[in-house]
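The values are calculated or read from the model by the stated rules, or taken from the named source; none is laboratory data. This one's a predicted model, so the numbers in the text were calculated from it and none came from an experiment. Ideal geometry is used to build each Cβ from the backbone, glycine not excepted, and the neighbour counts take in all protein chains shown. Ligands, DNA and RNA are excluded from the accessible area calculation, which covers all protein heavy atoms including side chains. Shrake-Rupley method; radii C 1.70, N 1.55, O 1.52, S 1.80 Å.
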Amino acid sequence: ICVLSGLPESIIAAACARSGQRVLHVDSRNYYGGNWASFSFSGLLSWIKENQEKIDVCDEHEDWRKLILENEEVISLGKKDKTIQHVEYFCFGDQESAEDVEEAGALPKLPVFGACGAAQESEKECPSTESALPEAESQEPEKTAGTEPASAEEEKDTEITPEDQSSHSTALGESTLELGQTEGASSEVSAQQPKKVTYSQIVREGRRFNIDLVSKLLYSRGLLIDLLIKSNVSRYAEFKNVTQILAFREGKVEQVPCSRADVFNSRQLTMVEKRMLMKFLTFCLDYEQHPDEYQDHESSTFAQFLRTQKLTPSLQHFILHSIAMVSETDSSTLEGLQATKKFLQCLGRYGNTPFLFPLYGQGEIPQCFCRMCAVFGGIYCLRHPVRCLVVDKESGRCKAVVDHFGQRISANYFIVEDSYLSEKMCRNVCYRQISRAVLITDQSVLNTDSEQQVSILTVPPADPGKPAVCVIELCSSTMTCMKDTYLVHLTCPSTETAREDLEPVVQKLFNLNTEKETENEELDKPRVLWAVYFNIRDSSGIDRNSYDGLPSNVHVCSGPDSALGNDCAVKQAETIFQEMFPTEEFCPPAPNPEDIIYDEDELAPEESGFDNSPEAKPEPSAEESSSGASSALNKEDNED
């Protein structure tokens, strides 16, 4: 049994179902992904209201205790989600014009915001949203209902053959992963005069938004991409290249050259700086072979090490904040070199930057693994809270759970997300927090010839001891926002509330005034149309021994961490799976539907309604698996 459908739990559920185990995946929420989810605009408003009110779950069935035997004891689970705190949202547009506006395709009316600043509760209830269910037989990418390209010209995702890989994105794994191509058309509207977007338009086009609770990117050679390739889950998702790596220096945003072509085509670097940068980056690629060049600096920070190299201040800034993306005060020389090497190794695999972003948001990734689990017989139940764990007093193992409806469900293994554990079990756990902000803006932080840019920017801390802020800006071709707007995610480890941590950075990069209040010096900044701030719990890196009274066959998954990539979730999922099934392969490749051959006897329906036996889902033969898209992967591996 998996409780909650975050990324680690979804990966584990898919791996277990793929290895022939029977999986029940339950979640008290009415959407997939937990704190990894993506929402439409109206769905996000519902989520905000839910986390501001924090309603307790009431007991519907009081007679559930008769299900507990004398030799058993109960471990209660938490009734209230405390992973989200300090939620504040703001509207900088004309709200009165949106009073009678309905979201396209939705019947209920949206709430009206309070004026100027902090959000006020609406008298009308916000409509809830639910992500699409994993469809066991579908081959099409998971899409949130109503999210379609604004026009055929706005977004064209084409399959790129392996022969095109040298200059374009290519297929990921045995089945093709489609990567969005950046449109090269020049913007029709100048940077000084962006198209005016009103709040009523945002409400009306709310289903065009897919707003992530957690902001992450996929390293092109990271563990998650490798897992998508290996497991063949890549067939369920589409990705787009991050097109720009940006830096914030001396009050200005500028593009960072990171690939060889970018370095030599750059106009902001002198010829001497280009040689310096290429020499240092070449060293970082195989720094282990030259220990004499960094051994004396192992006790120093990476920033101090860079000062000893023949690098100008601007190059040091680019490497520290935009390539290695490590802390100026806390990261050691080795950590910086490792991060720089990882960045460089990911360049060129699918584009000129190391990163990919999933179309329709990060929340698509958990749903992709949920779909794979469903394909292999996994059962999913949303809006299904779990009341408690039932533990055998003698063995100390968990035997079953009792759900909110008074049902007892038995299983051999239990996967529980940290947020479900009670305060009593977590009293010795010390949590960190992540500060998050999501903005809807009217133009990019760095205007270029193309409007369709996906950018990542690291803003260094203004004060010592403060963390750097990671900014990810998404355009409409990522299918996360409506046309003529940008969706901007800001993330950093928390030192205070999210608004206190992130608002100074927002003020540096954006215009927070309403259109009437905008001053001349603010005209060149993107205007914020709507914003939300919140803190989210970071439960990564907690040892299971920190939880009091945790049964041996109950495994705890953490929520999102503050890192840019997804390696932590993938490592955790694989570790837990191997602890449960040490002899089984973790997420082996799933056969393509066209490769599955059924016997007549296997087509007959059984009492259960489905057959979980491995024989019903045979692996493709060696001859079959070597043909078609798998040859693309073989060629890619040879080239790598």
**OP:** Specify which of the listed residues (R267, R275) is assigned by the TED database to the domain that holds K341, out of contact with any helix residue (DSSP H, G or I) (no Cβ under 9 Å at 6 or more places or on another chain) and not in a helix (DSSP H, G or I).
**Re:** R267
Original post:
Between a first residue in the stretch 294-312 that is assigned by the TED database to the domain that holds T333 and closer than 15 Å to V326 by Cβ and a second residue that is open to solvent by 90 Å² or more (accessible area, probe 1.4 Å) and modelled with pLDDT under 90, which pairs have beta carbons less than 8 Å apart while being 6 or more apart in sequence or on different chains?
Top reply: T301/D330
**OP:** With respect to F318, determine if the residue is assigned to a helix (DSSP H, G or I), touching a strand residue (DSSP E or B) at 6+ places or on another chain (Cβ under 8 Å) and either within 17 Å of T353 (Cα to Cα) or free of Cβ contacts under 8 Å to residues at least 12 places away in the same chain (or both).
**Re:** yes
Original post:
Would the stretch 329-336 turn up any residue that is open to solvent by less than 10 Å² (accessible area, probe 1.4 Å) and within 27 Å of A237 (Cβ to Cβ)?
Top reply: no
Original post:
Only one residue in L550, L490, L509, L457 is assigned by the TED database to the domain that holds R397 and either among the charged types (D, E, K, R) or touching a residue at least 40 places away in the same chain (Cβ under 8 Å) (or both), so which one is that?
Top reply: L550
Original post:
Under the condition of being open to solvent by 20 Å² or more (accessible area, probe 1.4 Å) and hydroxyl-bearing (S, T, Y), which residue from the stretch 266-293 is modelled with the highest pLDDT?
Top reply: T282
Original post:
Among the residues of the stretch 17-34, which ones are open to solvent by less than 10 Å² (accessible area, probe 1.4 Å) and of a type outside the set (S, T, Y)?
Top reply: A17, H25, V26, D27, G33, G34
Original post:
Filter the stretch 378-423 for residues that are of a type in the set (K, R) and within 20 Å of G34 (Cα to Cα); which is least open to solvent (accessible area, probe 1.4 Å)?
Top reply: R387
**OP:** Could you grab the pairs with beta carbons closer than 6 Å, sequence gap of 6+ or different chains, first residue in the stretch 75-95 and closer than 20 Å to I434 by Cα and modelled with pLDDT of 90 or more, second one among the charged types (D, E, K, R) and open to solvent by 30 Å² or more (accessible area, probe 1.4 Å)?
**Re:** T83/R537; E88/R499
**OP:** State whether the residues of the stretch 236-259 include one that is assigned to a helix (DSSP H, G or I) and out of contact with any Pro (no Cβ under 8 Å at 6 or more places or on another chain).
**Re:** no
**OP:** Within the stretch 366-377, identify whether any single residue is under 15 Å from V3 (Cβ atoms), out of contact with any Lys or Arg (no Cβ under 6 Å at 6 or more places or on another chain) and open to solvent by 10 Å² or more (accessible area, probe 1.4 Å), and answer yes or no.
**Re:** no
**OP:** Could you grab me the full set of residues in the stretch 540-572 that are farther than 25 Å from I456 by Cβ and not in a strand (DSSP E or B)?
**Re:** I542, D543, R544, N545, S546, Y547, D548, G549, L550, P551, S552, N553
Original post:
Can you find even one residue in the stretch 215-223 that is among the charged types (D, E, K, R) and crowded, with 21+ Cβ neighbours inside 10 Å?
Top reply: yes
Subject >> Some residue of the stretch 477-487 being open to solvent by 40 Å² or more (accessible area, probe 1.4 Å), part of a loop (DSSP other than H, G, I, E, B) and within 18 Å of R208 (Cβ to Cβ) >> reply: yes
